[in-house]
Amino acid sequence: MELSPLQTARYEYRPKLPEMLKNDISNIKATEGKSTRSVSDQEDISKLFPNTYGMKEVTFERGKNHASKKKQVVGVILSGGQAPGGHNVVTGLYDALKKTDANNVLLGFRNGPSGLLEDKYVEFDDEYIDAYRNTGGFDIIGSGRTKLETEEQFAVAAEVCKKHGITAIVIIGGDDSNTNAAVLAEYFARMKTGVQVIGCPKTIDGDLKNDVIEISFGFDTACKTYSELIGNIERDANSAKKYWHFIKVMGRSASHIALECALETQPNVCLISEEVEKKGMSLSDIADQVASSVVARAANGDNFGVVIIPEGLIEFVPEVKKLIGELNDLMAKKEKEFGALSAWEDKYAFMKENLCAESFSVFSILPLDIEKQLLMDRDPHGNVQVSRIETEKLIISLVDAKLRKMKAEGGYSGKFNALNHFFGYEGRCAFPSNFDADYCYSLGYNAFMLVSYGYTGYLSTITNLSRPAAEWKAGGIPITKMMNMEQRHGEKKPVIRKALVELDGAPFRYFAERRNRWAVETCYTFPGAIQYYGPASVCDITTRTLALEQAK
Ligand code: FBP
């Protein structure tokens with residue numbers, strides 16, 4: 001394989017570990033804290049997890065290692081969307097496992113959770129692992145979105161583990177994958193298989209976080225990648241002074257990515273889905289908000305600007321949310337009937353017949369492309385695939401219509417030339433920033449510490465992340481602590497609570513205090529490309545979101 005100069009250089013990078021994990025493994029001891037409770041619905045969740053509920057939080061400290069010694073055969077799985085740093089979780093896990101005992105084995109199950117069920121795996125060795133150190137992507141073993149959730153699947157997984165003598169499975173995934181990790185851990189405990197399950201918090205979306213998961217890995221690099229591109233577009237806009245750029249950024253549901261990019265680049269407008277929902281804003285209200293910035297800037301002679309739109313926005317607009325909810329149910333219930341229709345006129349008539357009047361009226365005023373996108377295949381959870389809905393084009397057309405009306409009425413005389421962009425996949429496999437390279441390596445290394453101490457149903461945690469890596473703390477948190485009961489596919493299910501943007505949190509408040517000025521003036525900031533070499537103040541800093549959240 002041909003290597004780029006950066007790839008060659010990154011192979012030499014030595015990820016930073018928390019000071020404590022740098023100790024010889026024989027000098028790392030696990031200290032248990034208080035017993036935990038789920039964030040809510042304690043009664044239901046404790047009944048569903050009789051073997052793994054209420055376990056204690058764990059911190060690793062300097063002291064004599066008291067883990068019982070045995071040969072470890074660990075299986076690792078990458079689950080869900082790619083996030084920069086995944087390879088380093090695997091390399092950190094491998095290094096800790098081999099450092100503890102050269103006879104320990106790490107198996108990588110291929111293409112996500114289905115690899116475990118189909119028994120498709122690779123046994124890692126130094127040469128294989130070294131080719132992936134500090135690189136982006138999940139191609140070391142591939143990823144997938146198969147859900148591990150049924151007893152039948154668990155039984156197959158148990159068989160595969162038995163066949164290879166597997167002592168623990170490490171699942172690298174987001175909220176859904178780690179929910180499934182908890183259910184699998186409970187199953188293995190109930191069946192007394194002796195197989196442990198440990199999770200690692202992954203997702204560029206940044207929505208797997210709470211008081212102990214300060215950030216999910218990949219968020220830092222993905223946001224930096226998008227912010228670089230947005231900053232470049234801002235400079236282009238400010239140079240040419242003739243376009244309004246509408247940029248949709250990934251983040252299936254929560255607006256963390258959009259908010260972080262706004263903090264990094266100070267665009268004219270950044271929509272925040274959580275605020276749209278809280279204020280009950282309609283599509284027309286959203287268009288008004290953007291149009292008012294266009295009009296105010298035009299009055300200053302600035303017929304250009306930048307608008308950031310979170311990927312999930314459309315699902316947070318109350319009228320569209322209701323429509324999408326109805327569509328999801330309808331397409332699940334009448335899947336065959338709907339699937340048999342090929343002509344657009346027939347699909348449209350089907351909607352008219354089956355949707356309630358209110359939802360159909362929302363559906364019918366949407367541009368044709370958006371109507372079609374709303375009817376595309378659902379994801380494995382039965383949800384609409386928001387990354388495939390061109391919300392940025394929808395907002396442009398709504399704003400354009402408002403401005404035309406205002407022009408006709410004499411309330412606006414500027415020019416509105418809009419361009420649309422979508423930044424998503426570009427950021428998911430970038431070379432991990434130093435922060436993600438260090439954080440991920442530490443998460444993987446620490447996951448092995450949890451394995452060696454016999455824990456199961458835990459998530460690997462590295463905290464104190466706004467401080468230099470040497471001051472980071474390592475430990476584990478029972479996954480059930482993060483759970484509540486939610487409605488899924490018409491049933492109440494235990495799931496990890498998704499963290500949305502908090503409107504009373506420091507990052508949003510910082511943004512809200514400044515956005516009126518950004519909407520009118522040109523206040524752009526240009527973060528530039530991720531820097532891997534140079535002063536720590538440039539190369540090792542993490543997100544504005546985390547810095548604001550942890551500011552004392
Ligand atoms: P995860 O939650 O699995 O980490 O994936 C996040 C994400 O990148 C979202 O931002 C996006 O909506 C989605 O994946 C796209 O999924 P796919 O890769 O299946 O197109």
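The values are calculated or read from the model by the stated rules, or taken from the named source; none is laboratory data. Remember, predicted model here, so these are calculated numbers, not experimental data. Glycine gets a Cβ as well: all are built from the backbone with ideal geometry, and neighbour counts include every protein chain shown. The area values use the complete protein model at the heavy-atom level, side chains included, leaving out ligands, DNA and RNA. Shrake-Rupley method; radii C 1.70, N 1.55, O 1.52, S 1.80 Å.
Selection over region 423-437 of residues that are in contact with a strand residue (DSSP E or B) (Cβ under 6 Å, 6 or more places away or on another chain) and more than 11 Å from the ligand (Cβ to nearest atom) gives a count of 1.
For (1) closer than 27 Å to V249 by Cα; (2) among the small types (G, A, S); (3) surrounded by fewer than 24 Cβ atoms within 10 Å (Cβ to Cβ), each residue gets a yes or a no:
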site	(1), (2), (3)
E159	no, no, yes
K192	no, no, yes
V212	yes, no, yes
I215	yes, no, no
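Filtering region 281-333 to residues that are more than 30 Å from S413 (Cβ to Cβ) and within 16 Å of the ligand (Cβ to nearest atom) leaves P310, E311, G312, I314, E315, F316, I324, N328.
On inspection, V276 fails the criterion of being under 21 Å from F416 (Cβ atoms) and either surrounded by 19 or more Cβ atoms within 10 Å (Cβ to Cβ) or over 26 Å from the mean Cα position of the chain (by Cα) (or both). Of the residues making up region 387-401, those that are more than 16 Å from the ligand (Cβ to nearest atom) and open to solvent by 30 Å² or more (accessible area, probe 1.4 Å) are K393, S397, L398, D400, A401. Region 70-140 holds helices (runs of 4 or more DSSP H) entirely within its bounds, and those carrying 1 or more residues that are within 16 Å of the ligand (Cβ to nearest atom) map to 86-100, 114-118. Residue count for region 443-492 satisfying the condition of being surrounded by fewer than 20 Cβ atoms within 10 Å (Cβ to Cβ), in contact with a strand residue (DSSP E or B) (Cβ under 6 Å, 6 or more places away or on another chain) and closer than 26 Å to S46 by Cα: 3.
Each residue in region 414-430 was checked for being open to solvent by 50 Å² or more (accessible area, probe 1.4 Å) and either part of a strand (DSSP E or B) or not basic (K, R) (or both), and 7 pass. Number of residues in region 161-176 that are open to solvent by 20 Å² or more (accessible area, probe 1.4 Å) and either within 16 Å of the ligand (Cβ to nearest atom) or part of a strand (DSSP E or B) (or both) equals 1. The residues in region 528-543 that are exposed (fewer than 15 other Cβ atoms within 10 Å of the Cβ), part of a loop (DSSP other than H, G, I, E, B) and aliphatic (A, V, I, L, M) can be counted, and the count is 1. I'm trying to understand the selection: among the residues of region 1-58, which are among the aliphatic types (A, V, I, L, M) and within 25 Å of the chain's Cα centre (by Cα)? Within region 1-58, L17, V39, I45, V58 qualify.
Scanning region 11-62 for residues that are more than 30 Å from Q487 (Cα to Cα) and part of a loop (DSSP other than H, G, I, E, B) yields E12, Y13, R14, P15, K16, L17, P18, N23, D24. Residue by residue through region 341-378, note down the ones that are touching a residue at least 24 places away in the same chain (Cβ under 8 Å), open to solvent by 20 Å² or more (accessible area, probe 1.4 Å) and within 16 Å of the ligand (Cβ to nearest atom). Matches in region 341-378: R378 only.
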